[in-house]
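Undergrad: Can you keep this structure in mind? I'll have questions shortly.
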Amino acid sequence: MAVLDTLVTTAAGALSATIGVLVGGIVTHRAQDRQWLRDKQLIAYQELISHYAKFTMTISRAHADRQGWDYDWGEWSATLTRASLVAPADVAAEIENFGKAIDDFLDRAGWRGSDPRRDPLSEEELAQANRAPAQAQVQLVNAIRRSLSKDQKELPFWIGGSLAGRHDHP
């Protein structure tokens, strides 16, 4: 009987250890997947905001200097797509809204809008054209912040790239 008790105890211990290893492996794998996705999200979001800052400054400079300009809109579109692919649904919806606001901006001040060589926009006109994208950027940045951590507080102001005015806020 003592041998049977020992075998049962040993088997139960081995089974318990095996289950612990399997559960630990599953939990670790899920945590690694979440970390991988978070890293990809951060890269995509940084790239998106960086493009916004670059092309708004390019457009602003072109209007101020009455010169032509060029931008890789294919890369902008790809950046929107990459960010949307890794974003949770609420952030992807804000990316879509941001993209639409940028399209409206481009209709007024960008490659589909005013020609800075012949009909440049004033600083105030550029700020007015960029007001909706700046507000959409605030909404997007706050959705990103919420998705990355529930502890992040919302920002009441826009950051890098906005031509909407240095002192007014949405």
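Undergrad: Of Arg61, Arg112, Arg117, Arg82, which residue is of a type in the set (Lys, Arg), assigned to a helix (DSSP H, G or I) and surrounded by fewer than 15 Cβ atoms within 10 Å (Cβ to Cβ)?
TA: Arg61
Undergrad: Which residue pairs have Cβ atoms closer than 7 Å, lie 6 or more positions apart in sequence or on different chains, and pair a first residue in segment 67-80 that is farther than 20 Å from Lys100 by Cα with a second residue that is in a helix (DSSP H, G or I)?
TA: Gly68/Ala62; Trp69/Thr58; Trp69/Ile59; Trp69/Ala62
Undergrad: With the structure loaded, tell me whether Ala93 is over 21 Å from Gln128 (Cα atoms) and either in contact with a Lys or Arg (Cβ under 9 Å, 6 or more places away or on another chain) or part of a helix (DSSP H, G or I) (or both) or whether it fails that test.
TA: On the way: over 21 Å from Gln128 (Cα atoms): yes; either in contact with a Lys or Arg (Cβ under 9 Å, 6 or more places away or on another chain) or part of a helix (DSSP H, G or I) (or both): yes.
So Ala93 fits the description; yes.
Undergrad: Identify, please: which residue in segment 50-92 is among the β-branched types (Val, Ile, Thr) and touching a Leu at 6+ places or on another chain (Cβ under 8 Å) and is, among those, farthest from Asp115 (Cα to Cα)?
TA: Taking segment 50-92 and keeping what is among the β-branched types (Val, Ile, Thr), we get 56, 58-59, 79, 81, 86, 91.
Now restrict to residues that are touching a Leu at 6+ places or on another chain (Cβ under 8 Å): 56, 59, 79, 86, 91.
Working: Thr56: 15, Ile59: 10, Thr79: 25, Val86: 36, Val91: 33 Å.
Only one residue tops the list, namely Val86.
Undergrad: Another question, if that's okay. Quick one: is Glu125 over 30 Å from Lys40 (Cβ atoms), modelled with pLDDT of 90 or more and surrounded by fewer than 20 Cβ atoms within 10 Å (Cβ to Cβ)?
TA: Yes.
Undergrad: So which of Val3, Val21, Val27, Val86 is modelled with pLDDT of 95 or more and not small (Gly, Ala, Ser)?
TA: Going through Val3, Val21, Val27, Val86 in turn, the sole match is Val86.
Undergrad: Based on what the data block shows, is Gly99 under 20 Å from the mean Cα position of the chain (by Cα), surrounded by 16 or more Cβ atoms within 10 Å (Cβ to Cβ) and free of Cβ contacts under 8 Å to residues at least 24 places away in the same chain?
TA: Numbers: under 20 Å from the mean Cα position of the chain (by Cα): yes; surrounded by 16 or more Cβ atoms within 10 Å (Cβ to Cβ): yes; free of Cβ contacts under 8 Å to residues at least 24 places away in the same chain: yes.
The answer is yes for Gly99.
The values are calculated or read from the model by the stated rules, or taken from the named source; none is laboratory data. On a predicted model such as this, the values are computed, not experimentally measured, just so you know. Backbone-built Cβ (ideal geometry, glycine too); neighbour counts: all protein chains shown.
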